[in-house]
Each structure stands twice: as structure tokens, then as C-alpha cells.
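Read the figures in this text as sums done on the coordinates, not as results from a lab. Everything numeric here is computed off the predicted structure, so don't read it as measured data. FYI the Cβ positions are ideal-geometry reconstructions off the backbone, even for glycines, and counts take in every protein chain you see.
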Amino acid sequence: NAGVTQTPKFQVLKTGQSMTLQCAQDMNHNSMYWYRQDPGMGLRLIYYSASEGTTDKGEVPNGYNVSRLNKREFSLRLESAAPSQTSVYFCASYRHTDTQYFGPGTRLTVL
Amino acid sequence: QQQVKQSPQSLIVQKGGISIINCAYENTAFDYFPWYQQFPGKGPALLIAIRPDVSEKKEGRFTISFNKSAKQFSLHIMDSQPGDSATYFCAARGGGSNYKLTFGKGTLLTVNP
């Protein structure tokens, strides 16, 4: 049981490049989330998926798109990366007993 | 608009001391209040959580105190240890079926040996 896994762990992009961050969970959770963490800003919700087939915007969705590929997988795409998107990205999934489980994070640098 | 305000931003405590982190919220629809612990290079992990119908919850050295009328809650770490050194986030869950969490900005706790 791996919990929540994220790939890649580290990534360096140039401004304007695109990439997809992958997230998968093996806990059969319905809800999944993408956050970004910046120094002094806490965790801010980018997008979430309350259930398979649905996605909704969070607090900071601009510049991102998401896909809930199936119940296990929830990907985050940056179409044209900007330096302001340099951050640590966390995926999380939700269990009915009120716990959000977080992945280990992807550290992204946009030059 | 910051819906969950956390203080202090950083805290230094001696080993064996008590660490106290405070959070205040505005939205009375919040129905669940977890605390997360994050070590460097790791994702946040649930530490302890409370519902608003309870005024206190204790798990080992960690206690949440909840004041519904003041819309405040706090984390107390008794007998703080160097291994407790981490960043702590309070959060609040909105009502409804999407289970979104709103996080405070975090407190960096350092426990000196």
C-alpha cells in the first residue's frame, strides 16, 4: 500500500515549457486535491476532484489544468510555465474518516 | 481573504517545554479542524484533529483546545522534544461534500536540546 505517490520528485523547466505532474493513490479514495506550497504562504488549493469525473477550481487555479483520469489518478498540467509557478506541489486524497493524505511533493523550478 | 490565521510564524522552545500554536477562523460553517505536521522534504501528515462540538482533544503529548465562541483553536505540545521540530499547519474544513481544507500559513517549531 503506497498511499499517495507523485512523479516526478524534482523538475526544472524554462519559461514557456509545459509539463504534467502525476499523482496516484491506491486507497480507493473518492476525492483528490492539488496544492502548492510557497514559503510563508501555507498550502493553497489549486484544483480538486470531489469524485471521478468531476473537477473544480480552488483558490489559485490560474495557469493550471487538471485531469481526473480515473479514480486512482489526478494529474496537474502547466501549459506554459512561468517563474511564478516555482513551488512545491502536493497531491492529496481524502478518506471518509476526515483525513487528507498527502503525497511526498514535486519540487518545481521555472527559470 | 485569509480565512484561517495562524500564529506565531516561528517558535523556539527548549526541550521539555510547552509549545503553543494558535489559530483563528472566520467562517462559522467550518466543521472539522485538523493539525498537520510537516518535516523538511516531506508532505504534511495529520497529527490530531477536533470537531467543534468538543472543547479539547488529547493524544499523547499533543492537545487541541477549541473555543467555538471565540472561533479559535490551539495546539499544545507538552514535554517538547527535538524530534518535534517541524512546521505545523492548522486547517479548517468547509461544510459540504467537497471536503476542502483551508490552511493557516504555518509555524516553524524548533526545539533546542
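Which one, A:GLY40, A:GLY53, A:GLY16, has the greatest fluctuation when you compute a Gaussian network model over chain A with C-alpha springs under 10 angstrom?
Of A:GLY40, A:GLY53, A:GLY16, the most mobile in the Gaussian network model is A:GLY40.
Determine by what factor the alpha-carbon radius of gyration of chain A differs from 2.2 N^0.38 Å, reporting the quotient. Working shown, then result.
Values: Rg = 13.1 Å, N = 111, 2.2 N^0.38 = 13.2 Å.
After normalising by residue count via 2.2 N^0.38 Å, the value is 0.99.
How high is the FRET efficiency between A:ARG95 and A:LYS14 when r is their beta carbon distance and R₀ equals 35 Å, given to the nearest 0.05?
On the way: r = 38 Å, r/R0 = 1.09.
So, using R0 = 35 Å, E works out to roughly 0.35.
Say each of A:LEU111 and A:ASP38 gets a label point 7 Å from the Cα, pointing the same way as Cα to Cβ; how far apart are those two points in nm?
With each label placed 7 Å out from Cα toward Cβ, I get 2.2 nm.
Over the protein assembly as shown, what number does the Rg to Rh ratio reach, with both radii from the alpha-carbon atoms and Rh per Kirkwood?
Details: Rg = 17.5 Å, Rh = 18.0 Å.
Radius of gyration over Kirkwood radius for the protein assembly as shown works out to 0.97.
Who wins for biggest fluctuation among B:THR102, B:THR28, B:THR63 in a Gaussian network model of chain B, springs between alpha carbons below 10 Å?
Answer for the Gaussian network model of chain B: B:THR28.
Just want to confirm a number: the relative contact order over chain B, from Cα pairs under 8 angstrom separated by 6+ residues, in percent. Before the final figure, lay out the partial values.
Working: 281 pairs, mean separation 41.2, N = 113.
This gives 36 percent for chain B.
Mind checking Rg over Rh on chain B, alpha carbons, Kirkwood formula for Rh?
Numbers: Rg = 13.5 Å, Rh = 14.1 Å.
Radius of gyration relative to Kirkwood radius: 0.96.
Would you mind checking the pairs B:LYS5/B:LYS100; B:LYS15/B:LYS105; A:LYS9/B:LYS105; B:LYS42/B:LYS105; A:LYS9/B:LYS100 and listing those with alpha carbons more than 20 angstrom apart?
Values: B:LYS5/B:LYS100 17 Å; B:LYS15/B:LYS105 24 Å; A:LYS9/B:LYS105 23 Å; B:LYS42/B:LYS105 17 Å; A:LYS9/B:LYS100 24 Å.
B:LYS15/B:LYS105; A:LYS9/B:LYS105; A:LYS9/B:LYS100, as the Cα separations exceed 20 Å there.
Summing +1 for each Lys or Arg and -1 for each Asp or Glu, what net charge is found among the other residues whose Cβ lies under 13 Å from the Cβ of A:VAL88?
On the way: positive: A:LYS9, A:ARG36, A:ARG44, A:ARG107, B:LYS42; negative: A:ASP38.
Net local charge, A:VAL88 excluded: +4.
For a label point 7 angstrom out from the Cα of B:ALA70 toward its Cβ, which stretches of region B:22-55 have the backbone nitrogen within less than 12 Å?
Only B:22-25 fall inside the zone, counting backbone N under 12 Å.
Starting from 0.36 nm per residue, how many nanometres of slack lie between B:LEU108 and B:GLU56 once their C-alpha separation is accounted for?
Result for the pair: 16.4 nm of gain on full extension.
Taking the Cβ of each residue in B:HIS76, A:HIS29 as the centre, tally the other Cβ atoms inside 10 Å and list the residues starting with the fewest. Show your work: numbers first, answer last.
Values: B:HIS76 16, A:HIS29 19.
Neighbour counts put them in this order, fewest first: B:HIS76, A:HIS29.
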